[in-house]
Each structure stands twice: as C-alpha cells, then as structure tokens.
Amino acid sequence: MSALTSACALARACYGAAAVSVAVVEEDALHYVAADGAGADSIVGTRLAAGRGIAGFAAATGQSLTVRDPSSDPRFARDVGASTGYLPSTIQCVPVDVHGEVVAVISILDRATSDERADSPVALERLVELVGALLASGDGGDGVAARLDRLEPDDRAAAVTAIGAILDALDR
Amino acid sequence: MSTEPDLPAWAEAFHGEGPGAAPALRLDHPITRAWAYGDGSGRGVRVAVLDSGIDAGHPLVGSVAEHVAVTVDRDAAGGIRIETGPHDDLYGHGTACAAIIRSLAPEVELISVRVLGLTLKGSSVAFAGGLEWCIEHEVAIANLSLSTSNPNQAETFHRLVDRAAFRRMLLVSAMNNERKLTIPSEYAGVFSVACGPGDDRERFWCNPTGPAEWGACGLDIEVAWNGGTTTRASGNSFAAPVIVGHLARIMGAHPGLTPWQARTVLAAVAANAE
C-alpha cells in the first residue's frame, strides 16, 4: 500500500466516509492514484478529462466544493459514478496546493455528519498538508517511473536517455 | 445565530456570537432598504460571473447578455485568448452563481466570463485576463467565486483590484473554503464573502474586522446546476453571489456609486446593522 493510499484509509476512518481518493493534476486530466473504500479498485488508474466533474472544478479553480446528490449532474454520473459502480449522496472535493499550484484533489464521498461522528475529526487542512507533503516528496504513487510508463516508446527512450545524462552529470 | 457543523473556513465569523454590529453611520435619516434598493430589480446593471460559464438555457438563469471565454494560449498576445459567443458551463458552478444573482436582482444584465477551460494548469492567468476584460468592458459588478493561491499572481491581482476600484467596478470575492492564502479575496479592495447561517438570501451580515467582510447563506442550499437541474451544495462560492445580488439592487437604484459608497450603503442594510 502506498503512503497516499494509507492517507486515504486514515482519512476515510477519521471522517466516517464511504470512500476517499486522491487524484493528481495533469495538464488536461485528473489521474486517480490512490483511494480507499467504495469503488477504490475501480477509480485508481482512472483519468478524468478536464472540464468534467466536481473534482475537476476544484483542480481548475483551487476552490473546494461540497455537492449533495452529484448524480443529478449527468456528466458526473457518466464519467465517474458509472465507472466505479458507486454513486455517492455527497461529495466534497478539496484541492491540494504545493507552492501555490494545485497538484492534486482529495475527494471525500459520503462523509459522516457531525451528529454521526463520535469524535472531532482531524481538520481537513491537516489532510491537505499530508497529501501535499507526500506528493512533493515523490511518494505519491505517480513518480518518474509511472510517468515514463505513460509515454510513447520513442519518447520514453528519449526521456530515459536524457535522465541518464543528467544523472551522469551529477555523478561527475 | 446558531452554531453550524463543518463550516467552511472564515465562515465562523458569522456563527456563534456573530460579528457584532455593523459600522453605524448615526445619520439623522437612516439608510433604509427602500432607499437603498429602489425597485430592487437591478435593472441595467452589468454583472459578470467569472467562472465555469453560464448555462443560458437554465430556467433559473433566464438570459445571458454576453458570453466571453478566456483561455490560456501561450502563442497569443499576453498569453491568453479571448473568444466571444455562446458557450456551455463546464462544471455547473457558474450557472449556480448566476441563478442566485438573478433570484435577487431579476433585471441585471448577466455576462458569462468563462475563465476555466479544458486544461487544469494556468487557470489563474485566465482568471486575471477575465478580470481585465471586465475592467475594460464597463462591467459594474463582478462575481468572483473562485480564487488563486499562487503567490506569483499577487501583484497582478493587486493592480487589477485597484484599477477596478478607481473605475467604480465592484468586485465580490468568495473566501476560500480552507484557511490558506487566497487571492484576491483577502484584499481590502474587494467585497470578501463567507457563509453565514440559514438559507434566507435576504439576510446578510457585515463583519467590519474582516478579512471575511460579508456573510451570506451558502451552507447546504439548493442551487442551479448543469442540464437544467438543481442540486444542494455548500461553500463560500454560493455566498458571494448573494452579496452581488444585493449590490446589484443598490447600483440599479444609485448608479455610479464608488465601491466605498456602495460598501457603506450595504453595511447600513445588513442584518446586524444597529
């Protein structure tokens, strides 16, 4: 289990949520790299194109948003809910900033209300800091190897050559 | 005021003991809502929503006078491309804000300034470009239910906020829902807004100590959404357009007020005015 997945599991327990996921921000898509709870196996690896979904809004704007009954948005249902087999009643999407740039979005599905929780949860800001620190440290499950894997073969070979040259230069 | 669970950041100023009294003018003839709002229609006031677009076909929006889409284009002059003509709402968020404004000031001229595109990077550049477009196109009030945390944009937005103020353009900016740097909502030159209690759009609060200067409903409220639907949502995003609606009434009744005059009138008719 990656550190990010562990963070999702801890957050899910803390907030009494059905699921918690982390998606990293790419140029034109959100890439779900870690999740825990309902639909977790299906959502990890999914790419959600920009211009879609409540998580996409949080990524594009840096503004968190909580929506009840997100399935009333037909595009949400098609893009996310249908792919995971789990349609939440409430979704809270929170952007993660590193040095002023949104690098990921945390999605919390069906978070328990304060009446249903036994204890006060850890402030959401602490979870955002933890995920941001994990991503900044390269322990986010989307490191160099994963990014290389997504390249076309020729591009991957060129990138590997370039990285090798940089490492050689650092060794000298 | 009641205590609400799981408040967005900054909203606590309007809950619990509340913000205290709004600044008092001690005039011989107090400013009343009847004087401040006139007929309350907001007729002719040009109100821009800088957001994800507006669905002009949504029954709660009514009509959209102009559509402008601002996107990042590194090959274009200034790094942005501006296109006019009808567009969709990418996320539903802009439609939600527009419908709230329309519900309070039914005769405003709504302008959709879409600053979010099909890329997730560089949106703060498009945001700044959209704000500049508003300054140059006679917009009276701009709803900014989005912000940036990018410190590199601080100076750009400082200059834009100042330009807007001296052009008598009112900027209404939602505080971020998390306690982090948000630009330009923490600037003194904007009307910064966080969630107040309840769901009555006629009630709003003035918090003279800021940085969340105004409070209005935005917790678990029904809002317009994509595809002609509605949904229930929470966030300071939905409190900002409530303040825009009240300002549109004021500017419709008293065109040409400066932002400082409008701020004084708004405080005088707040729920916590003495």
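General observations
- Spin-label model distance (nm) - B:Glu202 vs A:Leu10, 7 Å beyond Cα toward Cβ: 4.9
- Plainly put, the range B:58-138 has a radius of gyration that is 0.98 times its Kirkwood radius, both from alpha-carbon atoms, as the Rg/Rh ratio.
- In this calculation the C-beta distance from A:Ala158 to A:Ser42 is compared with R0 = 30 Å, giving a FRET efficiency of 0.35.
- Across peptide A:89-98, the mean count of Cβ atoms from other chains lying within 10 Å of each residue's own Cβ comes to 3.
- Each of A:Leu10, B:Leu50 was scored by other Cβ atoms within 10 Å of its Cβ. Arranged with the fewest first, they read A:Leu10, B:Leu50.
- For the range B:42-102, fraction of C-alpha pairs farther apart than 16 Å, in %: 46
- Sites B:Arg167 and B:Thr264, calculated FRET efficiency, Cβ-Cβ separation with R0 22 Å, nearest 0.05: 0.75
- Seen through its C-alpha gyration tensor, with square-root eigenvalues sorted a ≥ b ≥ c, the range B:132-190 comes out prolate because a/c lies at 1.5 or above while a/b is bigger than b/c.
- The smallest convex shape that holds all Cα atoms of the protein assembly as shown, its convex hull, gives 149 Å³ per residue.
- For the range B:1-93: span of alpha carbons on each principal axis (Å, largest first): 55, 37, 33
- From most to least packed by mean Cβ count within 10 Å, the peptides B:91-99, A:20-28 give B:91-99, A:20-28.
- Taking every DSSP beta bridge that has both ends in the protein assembly as shown, the antiparallel portion is near 65%.
- Tail fraction, Cα-Cα pairs, chain B, threshold 33 Å, whole percent: 13
- Paramagnetic reach from B:Ala76 (point 7 Å along Cα→Cβ, amide N under 19 Å) across the range B:105-119: B:111-119
- Computed [θ] at 222 nm, helices only, for the protein assembly as shown once each DSSP H run of length n ≥ 4 contributes -39500 (n - 2.57): -9000 deg cm²/dmol
Any read-out appearing in this document is the output of simple, stated calculations on the displayed coordinates, not a laboratory observation. Just so you know, these numbers come straight off a predicted model, no measurement behind them. Cβ sites come from the backbone with ideal geometry, for glycine too, and all protein chains shown count toward neighbours.
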